[in-house]
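Report on one structure; see the data block that follows.
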Amino acid sequence: MWEKGVHDLLQKHFGELSLIFLAYCRSLLGSDSAEDAMEMEMAEFYDFVQETGLETKQVNFDLMTNNFIKANATNSAQVRDQHAESRRSAETKLDHLQKGDQRMTTGRTTKEVAKVKGKTDGGEAKKDQELVLYEFIGLLVRIAFQRANPSFGNFGDKKSVKHLPGCLRTMIEDEILPRARKDTSSVFRETVMTELSVLKVLDDYRAKLKAWYTKVVEDDTGKGGAGAANPSEVSDKLQLEQWKSICVDPGPHCEQDLVGIWECYRESDITGDPRCRTQYKWRLSMPQIKMAFLDSQPPDSLQAAQSNANDESNVVDFDEFLEVVARCGVDKYRAVKEVAPARAVKGFIQNLLGEMTADEVVVEATYIHAERYNWKLSKPLPGQSLAAHRKWLDCWQNIEIADLHYFPLWEKGVFDCLQECFQDLTNIFAHYSKSIGGSVTAEDAVEMTMSEFKDLVKDVGLETKDLRFDVMQNMFKKANALNNNAAHFQRKQEAGTAEAKSVEAGSAAVIASAPKRSNKAAKQRDDELDQELVLYEFIGLLVRVAFQRANPTFGNFGNKKAIVHLPGCLETMLVDEILPRARKDTSAVFRETVMAELSVLKVLDDYRPKLKAWYNEITSDDSKQTDITDKLQMEQWMRVCDEKDLVGIWECYRESDITGDPRCRTQYKWRLSMPQIKMAFLDSQPPDSLQAAQSNANDESNVVDFDEFLEVVARCGVDKYRAVKEVAPARAVKGFIQNLLGEMTADEVVVEATYIHAERYNWKLSKPLPGQSLAAHRKWLDCWQNIEIADLHYFPLWEKGVFDCLQECFQDLTNIFAHYSKSIGGSVTAEDAVEMTMSEFKDLVKDVGLETKDLRFDVMQNMFKKANALNNNAAHFQRKQEAGTAEAKSVEAGSAAVIASAPKRSNKAAKQRDDELDQELVLYEFIGLLVRVAFQRANPTFGNFGNKKAIVHL
């Protein structure tokens with residue numbers, strides 16, 4: 001069924017298959033017909049399989065060996081026919097005989113198959129262990145079917161069969177033709193040997209090769225010499241056996257194996273380059289060596305067989321030897337696409353002369369180069385002084401981040417990003433390391449400890465769900481290492497055999513090409529192995545943290561997340577996290593801004609006498625001091641702050657005059673640490689008194705006078721309450737002074753500063769309504785003063801509205817109350833009002849239909865009791881006071897102030913209060929009850945868990 005398709009396909013590619021067969025069997029040279037073809041041995045067939053990659057997981061060379069034997073059989077068709085004939089039954093054979101079929105005189109159903117005519121004279125082919133051309137082509141057909149159907153013929157196999165000629169076409173066009181060697185004896189001379197680049201390589205190395213060639217052909221003794229293997233045969237040309245001996249066995253003429261199998265991975269200047277996963281494999285076999293030797297001889301000198309070592313077919317002169325070298329180079333590095341023919345020829349010559357190994361040739365040819373950024377070409381930014389720019393360059397030269405992913409592609413981007421933020425980063429480092437203030441060069445920077453770095457991490461919120469501080473600790477140690485870059489490049493050099501030996505290929509060249517560190521920068525390096533960071537190590541640490549924050553799963557097995565590269569992730573972290581939140585060295589800026597504000601100066605002036613007395617008392621007490629001085633010492637100040645609990649972490653919720661204010665859910669958190677206390681102390685000293693290191697307790701850098709102490713207090717106040725935006729600088733300074741003097745706690749300061757005030761309605765300003773008498777108005781005011789509804793939602797925002805509403809209806813409500821309480825008739829004042837019982841209130845509820853589906857009378861009974869309580873408002877404000885630590889102690893902040901600011905109850909109204917705990921309501925309690933019922937009827941689910949209905953307000 002597929003016979004014609006296979007015929008047409010093989011006819012199409014017959015010429016190329018013939019050239020391939022010619023290349024591997026090594027002696028078809030110039031044949032015009034299949035009869036002239038020499039035979040392919042098993043070893044040659046193995047070369048063919050290896051180079052074309054015909055082996056698969058299911059079909060290995062062992063199975064192909066069986067196919068080789070099958071294709072080499074002289075009677076394959078006869079065996080198959082005999083096998084098929086033996087499966088026919090006797091009845092079938094007899095049936096054919098009885099019918100007298102003219103074709104079947106023996107009962108056969110098919111024509112008897114004869115043996116293969118393997119010779120041109122019609123004789124049988126001779127059984128051997130080698131393939132001629134037609135057997136080779138038949139073998140390809142068998143292998144193609146077996147590769148496409150590896151489980152065909154197995155018991156239980158149900159896979160669909162991939163038929164010929166499709167599977168044969170796929171194997172020939174996709175595997176064999178692109179990869180297999182072809183007879184290029186003439187094509188090679190017309191193409192490769194005419195390329196100018198190849199000719200230039202041969203011309204460049206002609207002198208060295210001539211010297212090598214002369215030395216080899218003159219050596220007729222010893223290893224590699226012709227005389228060793230054939231002592232009676234001496235020649236002034238290079239013999240085939242001599243060439244084979246040199247290629248396969250290192251000796252005095254070549255110190256490395258020229259034949260073999262090699263493999264290596266691609267290398268790159270770029271750290272973590274995914275292209276480095278590419279593995280190259282290439283080979284050069286002895287048959288290729290021999291074929292190159294034979295193909296380089298003139299066609300008319302080649303013979304079908306070799307007679308002796310000095311035949312023209314077995315020796316090459318120097319010009320022919322150059323072609324041998326070129327052929328071997330192209331054959332050897334053919335599998336590596338990146339190695340051009342000229343580089344392949346040069347590479348083989350370098351292998352032969354011992355200048356480079358095979359690995360080095362491929363690594364150099366495939367190496368991915370990336371240019372380093374030359375920081376020497378950088379210029380100061382607009383507004384950046386030359387001194388600041390020089391300081392930045394000194395710092396940059398010492399930063400070691402070459403081991404980070406994709407270095408150096410992002411080197412210039414990171415340089416530009418850091419240069420722009422360098423002054424801010426210096427100020428941040430100055431603040432946390434506590435003594436870089438006022439430094440002109442990187443030499444002045446002292447070191448940042450792990451605890452100081454932790455303060456920075458907490459202040460700016462660098463930790464994420466996937467990147468905790470314990471991981472940052474490892475980065476801290478990495479940034480603190482003395483030789484990150486050197487270790488990184490050394491690992492890269494040792495990773496490949498080529499880079500470890502050659503400075504021209506790989507990372508060693510990167511080191512050599514990078515701009516060298518200046519002498520000034522080199523002197524600033526911290527070459528002591530410690531647990532602290534100097535400025536350039538700190539900046540390098542930020543780069544590491546930025547990459548890890550953006551790529552927390554980078555490097556994990558199976559991670560497929562897209563990488564957020566530098567400098568983007570660094571710029572995001574600096575702009576969004578560090579620069580807005582980190583505390584900076586504000587020793588100068590603070591004096592020019594905060595200490596110049598009139599409000600801050602007024603606070604300090606108001607408290608100057610108290611602070612002066614406190615300062616004198618502390619400095620005069622030398623009982624706990626080892627050194628005597630009339631100024632405040634750093635250790636003394638830190639001890640006072642610790643004893644008075646001025647440092648720590650605080651939190652509280654916002655408070656409000658408005659009942660049920662949702663803004664009260666806002667939680668404030670603020671902190672003041674001992675490093676901040678110390679930093680405020682140091683920054684408050686004159687810049688010229690600061691030293692890089694501390695000498696003794698009485699140095700100017702370790703004490704402050706009273707004026708400097710005022711600045712210390714101001715700095716501590718601003719630092720302490722910085723996280724609470726509502727606390728202005730002046731209030732923060734005042735708050736810290738009050739904390740120091742014991743006038744207010746930290747909670748009280750924040751509650752007072754963030755408190756939401758709501759103005760109470762002043763009923764004293766109300767006027768009688770049109771038609772309302774003064775007596776009726778006074779009666780209404782006496783009643784209003786006693787109504788207690790401050791615990792209802794959003795009080796006192798609706799206080800005036802409820803007042804106006806009730807004033808308008810007061811006379812009607814009085815009459816209704818009079819009717820149901822049955823004894824107020826004719827009363828002139830509120831004192832005459834009698835009380836309403838629960839049953840009388842129930843009559844009212846039924847008469848007007850106050851009950852709803854969601855509000856029954858049993859709920860109203862609870863409101864009745866609530867309205868009858870003696871102290872609803874007092875209990876409400878007391879609960880609000882006790883809810884916060886500040887309000888419980890201070891009448892100036894919170895609900896206590898609301899009580900104090902509300903218009904006081906008149907004596908007349910106070911006398912009308914029903915101060916007896918009973919089960920009856922007086923008029924003002926009745927009206928208060930109606931307000932409660934009105935709100936509850938409109939909002940029956942108010943206060944229930946999960947309620948999201950909009951509130952109908954009073």
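The values are calculated or read from the model by the stated rules, or taken from the named source; none is laboratory data. In this text, all values refer to a predicted model and were calculated from it rather than measured experimentally. Cβ sites come from the backbone with ideal geometry, for glycine too, and all protein chains shown count toward neighbours.
Restricting attention to segment 578-616, which residues are part of a helix (DSSP H, G or I), closer than 24 Å to residue 636 by Cα and hydroxyl-bearing (Ser, Thr, Tyr)?
Selection gives 587, 607, 615.
For segment 702-723, enumerate the residues that are closer than 21 Å to residue 428 by Cβ and either at pLDDT below 85 or among the hydrophobic types (A, V, I, L, M, F, W, C) (or both).
Matches in segment 702-723: 712, 714, 716, 718, 723.
In this structure, is residue 370 surrounded by 21 or more Cβ atoms within 10 Å (Cβ to Cβ) and either touching a Pro at 6+ places or on another chain (Cβ under 6 Å) or not charged (D, E, K, R) (or both)?
For residue 370, the condition - surrounded by 21 or more Cβ atoms within 10 Å (Cβ to Cβ) and either touching a Pro at 6+ places or on another chain (Cβ under 6 Å) or not charged (D, E, K, R) (or both) - is not met.
Out of all the residues in segment 660-690, which are modelled with pLDDT under 80, in a loop (DSSP other than H, G, I, E, B) and buried (at least 16 other Cβ atoms within 10 Å of the Cβ)?
Within segment 660-690, 685, 690 meet the criteria.
If the Cβ limit is 7 Å and pairs must be 6+ apart or interchain, which residue in segment 226-255 that is under 14 Å from residue 212 (Cα atoms) and not assigned by TED's automatic domain parsing to the domain that holds residue 354 pairs with which residue that is modelled with pLDDT under 75 and of a type in the set (A, V, I, L, M)?
Note: no pairs meet the criteria.
Can you tell me which residues in segment 147-186 are surrounded by 14 or more Cβ atoms within 10 Å (Cβ to Cβ) and under 30 Å from residue 326 (Cβ atoms)?
Answer for segment 147-186, where residues must be surrounded by 14 or more Cβ atoms within 10 Å (Cβ to Cβ) and under 30 Å from residue 326 (Cβ atoms): 172, 175, 176, 177, 179, 180, 181, 182, 183, 184, 185.
Can you list the helices (runs of 4 or more DSSP H) lying wholly within segment 134-224 that have 2 or more residues being modelled with pLDDT of 90 or more?
Working: elements: 166-171, 187-190, 196-204, 206-218.
The qualifying helices (runs of 4 or more DSSP H) are 166-171, 196-204, 206-218.
Name the single residue, out of those in segment 790-820 being part of a helix (DSSP H, G or I) and under 12 Å from residue 954 (Cβ atoms), that is farthest from the chain's Cα centre (by Cα).
Going through segment 790-820, the residues part of a helix (DSSP H, G or I) turn out to be 799-820.
After this cut, where a residue has to be under 12 Å from residue 954 (Cβ atoms) as well, the list is 799-806.
On the way: 799: 57, 800: 59, 801: 59, 802: 60, 803: 63, 804: 64, 805: 64, 806: 66 Å.
Once the filter is applied, the top-ranked residue is 806.
Test each condition in (1) surrounded by 17 or more Cβ atoms within 10 Å (Cβ to Cβ); (2) out of contact with any helix residue (DSSP H, G or I) (no Cβ under 7 Å at 6 or more places or on another chain) for residue 608 and report the one that comes out false.
Checking residue 608 against (1) surrounded by 17 or more Cβ atoms within 10 Å (Cβ to Cβ); (2) out of contact with any helix residue (DSSP H, G or I) (no Cβ under 7 Å at 6 or more places or on another chain), the one that fails is (1).
Within segment 711-769, restricting attention to residues that are assigned to a helix (DSSP H, G or I) and among the basic types (Lys, Arg), which residue is nearest to the chain's Cα centre (by Cα)?
The initial filter retains those residues of segment 711-769 that are assigned to a helix (DSSP H, G or I), namely 711-720, 729-741, 746-754, 763-765.
Next, only the ones that are among the basic types (Lys, Arg) stay: 715, 720, 731, 734, 764.
Values: 715: 38, 720: 34, 731: 42, 734: 45, 764: 67 Å.
Only one residue tops the list, namely 720.
Considering every residue within segment 741-757, establish whether at least one is touching a Phe, Trp or Tyr at 6+ places or on another chain (Cβ under 9 Å) and of a type in the set (Asp, Glu).
yes
Spot the failing condition for residue 376; the list is (1) surrounded by fewer than 17 Cβ atoms within 10 Å (Cβ to Cβ); (2) free of Cβ contacts under 8 Å to residues at least 60 places away in the same chain, and only one is missed.
Single failed check for residue 376: (2).
Can you pull out every residue in segment 745-759 that is of a type outside the set (D, E, K, R), surrounded by 20 or more Cβ atoms within 10 Å (Cβ to Cβ) and farther than 14 Å from residue 664 by Cα?
Across segment 745-759, the qualifying residues are 746, 749.
For segment 824-874, give me each residue that is among the polar types (S, T, N, Q), assigned to a helix (DSSP H, G or I) and modelled with pLDDT under 85.
Matches in segment 824-874: 868, 872, 873.
Does any residue of segment 343-364 turn out to be touching a strand residue (DSSP E or B) at 6+ places or on another chain (Cβ under 8 Å), hydroxyl-bearing (Ser, Thr, Tyr) and closer than 18 Å to residue 262 by Cβ?
No: segment 343-364 contains no residue that is touching a strand residue (DSSP E or B) at 6+ places or on another chain (Cβ under 8 Å), hydroxyl-bearing (Ser, Thr, Tyr) and closer than 18 Å to residue 262 by Cβ.
Out of (1) at pLDDT 60 or above; (2) assigned by TED's automatic domain parsing to the domain that holds residue 10; (3) more than 30 Å from residue 261 (Cβ to Cβ); (4) of a type outside the set (Ser, Thr, Tyr), the odd one out for residue 95 is which?
With (1) at pLDDT 60 or above; (2) assigned by TED's automatic domain parsing to the domain that holds residue 10; (3) more than 30 Å from residue 261 (Cβ to Cβ); (4) of a type outside the set (Ser, Thr, Tyr) applied to residue 95, the lone miss is (2).
Under 8 Å between Cβ atoms, at least 6 apart or on separate chains: pull out the pairs that start in segment 2-13 with a residue that is loosely packed, with under 13 Cβ neighbours inside 10 Å and end on any residue that is outside any helix (DSSP H, G or I) and not basic (Lys, Arg).
8/165
Being out of contact with any Cys (no Cβ under 8 Å at 6 or more places or on another chain), of a type in the set (D, E, K, R), modelled with pLDDT of 90 or more and in the same structural domain as residue 393 (by TED's automatic domain parsing): is that true of residue 608 here?
So residue 608 fails the test.
For residue 407, are the conditions met, namely being touching a residue at least 24 places away in the same chain (Cβ under 8 Å), in a loop (DSSP other than H, G, I, E, B) and buried (at least 21 other Cβ atoms within 10 Å of the Cβ)?
Criteria met by residue 407.
Name, by its number, the condition in (1) more than 15 Å from residue 542 (Cα to Cα); (2) surrounded by fewer than 16 Cβ atoms within 10 Å (Cβ to Cβ) that does not hold for residue 595.
So the condition that residue 595 fails would be (2).
Pairs needed: first member in segment 145-172, assigned by TED's automatic domain parsing to the domain that holds residue 49; second member anywhere, part of a helix (DSSP H, G or I) and basic (Lys, Arg); C-beta distance under 8 Å; at least 6 residues apart or different chains.
Pairs found: 167/147; 171/147.
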